[in-house]
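A.B. asks: Pasting in a structure now, in structure tokens, and then I'll have a few things to ask.
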Amino acid sequence: MPDLDIAEVARRAGVPASTLRYYEERGLIASIGRRGLRRQYDPGVLERLALIAMGRSAGFSLDEIARMFAPDGRPDIDRRTLATKADELDRRIRELTVMRDSLRHAAACPAPTHMECPTFRRLLRSAVAGTVAVAGKRAPGPR
């Protein structure tokens, strides 16, 4: 398969060229040269970008993802790291499930106001205690 220019990689990977340049700055991918002003990539970069996308979707930082590659560029993913992230996702899913169910109940609750709904009040108390996810992050508080 012939080398791919930056526009083709961006199209196939579904990311803007600026993301590719940023990943290159961070050392996550490397171009193999230029044809005129356009960066050229080995076709294997698409698999590497797929791994980066999967890592980002799972909640790994770019620094964590960078550590998943050996110095030669091949994937070298620690299985304990994956298991730890899976455990974090399980906890997050449980938190979000409680939040979703509580919000659905509050939306359909027959109480005259939300503040008179025992479930909604319990949700508020848990938010104050820092046990409810808010906007994708846990609220600060005791753990």
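The values are calculated or read from the model by the stated rules, or taken from the named source; none is laboratory data. Remember, predicted model here, so these are calculated numbers, not experimental data. Note: ideal-geometry Cβ built from the backbone for every residue, glycine included; neighbour counts use all protein chains shown.
A.B. asks: Taking only the range 1-54 into account, find how many residues are closer than 18 Å to Phe69 by Cα and among the acidic types (Asp, Glu).
C.D. replies: 4
Conditions (1) touching a helix residue (DSSP H, G or I) at 6+ places or on another chain (Cβ under 7 Å); (2) assigned by TED's automatic domain parsing to the domain that holds Ser126; (3) surrounded by fewer than 15 Cβ atoms within 10 Å (Cβ to Cβ); (4) under 29 Å from Ala127 (Cα atoms), marked per residue:
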| position | (1), (2), (3), (4) |
| --- | --- |
| Arg11 | no, no, yes, no |
| Arg26 | yes, no, yes, no |
| Ile29 | yes, no, no, no |
| Ile32 | no, no, yes, no |
| Leu51 | no, no, no, no |
| Gly59 | yes, no, yes, yes |
| Asp72 | no, no, yes, no |
| Arg94 | no, yes, yes, yes |
| Arg100 | no, yes, yes, yes |
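A.B. asks: May I ask you to list the residues in the range 66-75 that are of a type outside the set (Lys, Arg) and either free of Cβ contacts under 8 Å to residues at least 12 places away in the same chain or within 17 Å of Glu88 (Cβ to Cβ) (or both)? First the steps, then the outcome.
C.D. replies: Step one: of the range 66-75, the residues of a type outside the set (Lys, Arg) are 66, 68-73, 75.
Correct list: Met68, Ala70, Pro71, Asp72.
A.B. asks: So, one more: Does any residue of the range 43-65 turn out to be under 27 Å from Asp90 (Cα atoms) and of a type in the set (Val, Ile, Thr)?
C.D. replies: Checking the range 43-65: at least one residue is under 27 Å from Asp90 (Cα atoms) and of a type in the set (Val, Ile, Thr).
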